[in-house]
Amino acid sequence: MNVYRILKAPYDKDPLSVLGAELMPGRWNMPAQGLLYTASHPALALLETMVHFQTKPHSQLPALTLYELEVPNKLTWILPQKLLPLGWNAPAGVGLTQLLLSSWINQPIQGNRDFLGVKVPSVVLPMSSNFLFAPNHPRFGEIRVLHTYPLPLDLRLWRV
């Protein structure tokens, strides 16, 4: 399975690093929990990146790099919609989703559960999916970088 990730300069040297997620928790991870955030499509990866940009002129935006990653097949769990708590996708719902996957992030293999990744819906584009990968899983090292692309942000997407 191929997934996509965009990183901003100067933090774009290691596409499999989870340090950013450890330092700045996201919708699906708590502080100090590493998690590799990826998207199902390059366009979704761009939208997911853009929602976190501060309002500033286009000329002041960081350089972007798009990574295409290959992940071992059949090691991804699809998070059922029914498990998502009410308000999970609201700005204040971050705490709800962080709790939902916290145990899996820390111990991706427990009993009969053995998942390198989890497929979750995108908040930005709900009919699309993001894929999250646990760096504590023994097969995390099998994720490979297939391609690296510089990704200039078209000025028409940024009108500040």
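In summary, the aspartates and glutamates within cross-link reach of residue 8, defined as a Cα separation below 13 angstrom excluding same-chain residues under 8 places away, comprise 48. Each of the chymotrypsin sites (Phe, Trp or Tyr not before Pro) that DSSP puts in a loop and that has at most 16 other Cβ atoms within 10 Å breaks the chain; the longest unbroken stretch is 54-157. For the range 1-104, the equivalent ellipsoid derived from the Cα gyration tensor has semi-axes of 24, 18, 14 Å, listed largest first.
The trypsin sites (Lys or Arg not before Pro) of the range 55-160 meeting both criteria, a DSSP state outside H, G, I, E and B (loop) and at most 14 other C-beta atoms within 10 angstrom of the site's C-beta, are 74, 159. Each of 53, 103, 87 was placed along the dipole of the chain (beta-carbon charges, centred on the mean Cα), and the one lying farthest toward the positive end is 87.
Note down the magnitude of the dipole of the chain about its Cα centre, charges +1 on Lys and Arg C-beta and -1 on Asp and Glu C-beta and zero elsewhere, to the nearest 20 debye.
Details: 13 positive and 9 negative charges, 55 e Å.
That gives a dipole near 260 debye.
Straight-line cross-link reach from residue 56 at under 16 Å between alpha-carbon atoms covers these aspartates and glutamates, not counting any fewer than eight positions away in the same chain: 154.
Sites listed here are trypsin sites (Lys or Arg not before Pro) in the range 1-48 whose DSSP assignment is loop and whose Cβ has at most 10 other Cβ atoms within 10 Å: 13. Neighbours of residue 45, meaning other residues whose beta-carbon lies under 10 angstrom from its beta-carbon, give a summed charge of -1 when Lys and Arg score +1 and Asp and Glu score -1. 7 Å from Cα along Cα→Cβ at both residue 99 and residue 55: what's the point-to-point distance in nm? So the label points at residue 99 and residue 55 sit 3.3 nm apart.
For residue 119, the lysines whose Cα comes closer than 18 Å to its Cα, not counting residues fewer than 8 places off in the same chain, are 74, 82.
The Cα atoms of the range 64-104 give a gyration tensor whose axes a ≥ b ≥ c have a/c of 1.5 or more with a/b no greater than b/c, which makes the shape oblate. Applying 1/(1 + (r/R0)^6) with r as the Cβ-Cβ distance of residue 73 and residue 17 and R0 = 25 angstrom yields a FRET efficiency of 0.60.
Only the coordinates and a few stated rules stand behind these numbers; no lab work does. For clarity, every value in this text was computed on a predicted model and none was experimentally measured. Virtual Cβ from ideal backbone geometry, glycine too; neighbours counted across all protein chains shown.
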